[in-house]
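Pasting a structure below so you can have a look.
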Amino acid sequence: MADELQSLIERIQREGIEKAEADAAAIVTRAKAKAAEIVKTAETQAQALLKQADADAQVYTKRSTITLTQAARDVLIAVGQGLESILDEVIRKQVGQALSPETLKAMLGRIAQAYAAHGMTENRLTVLLSPDDQKSLARLVEAGVRDALGQGVDLRADDRIVKGFRISIQDGHVVHDFTEGTIAEAIGALLKPHLAEIVHRAAQGMATGATKA
């Protein structure tokens, strides 16, 4: 009887151990499967995040490049406009210096000769000068012009003129404008397109570089 009881106890213990081992093995197997699933999901999510991050980085880089290029072009255009202003100032200054009393005298003398050559000596010619130039040239210019046009000439001071002169006939209609501003504007009109072309080529170069980037 004791032997049977001992055998039963051993069998129960053995079956319990086997069941526990089986349960433990099943738990380990499920745990490994779950862990593998978690790792796979994490890898998939990580790849998706990396792909999205790369796409976002490319978009950001492209937008940044476009923004920086536009900013650079804006700066270049602003520089071009600044250069135009400097060019205007330099031209005006140089023209003002060039319009010396001697130059004005020579210009008026040639214009007077041209008028006389075309038989316009009957028209009254009014020459408008700055007050300073009118004083400086009153004798020399008036004498030279009247030699060509007779007595039909009138030299007048005009406070609105800084350098140069205007010529009008009879009713005050301006025929010739050789004032500092008008001459400078004409010279600037010739030079500015070349300056604008330089700025335009530089801007195009930036745009091409941004496209390649």
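Residue under question is residue 134, and the condition is that it be polar (S, T, N, Q) and buried (at least 16 other Cβ atoms within 10 Å of the Cβ); does it hold?
It is true that residue 134 is polar (S, T, N, Q) and buried (at least 16 other Cβ atoms within 10 Å of the Cβ).
Oh, and also: I need the full set of residues from segment 31-69 which are modelled with pLDDT of 80 or more and either closer than 30 Å to residue 198 by Cα or in contact with a Gly (Cβ under 8 Å, 6 or more places away or on another chain) (or both), in order please.
Those that are modelled with pLDDT of 80 or more and either closer than 30 Å to residue 198 by Cα or in contact with a Gly (Cβ under 8 Å, 6 or more places away or on another chain) (or both): 62, 63.
The values are calculated or read from the model by the stated rules, or taken from the named source; none is laboratory data. Model, not experiment: these values are computed from the prediction. So basically every Cβ, Gly included, is an ideal-geometry build from the backbone, and we count neighbours across all protein chains shown.
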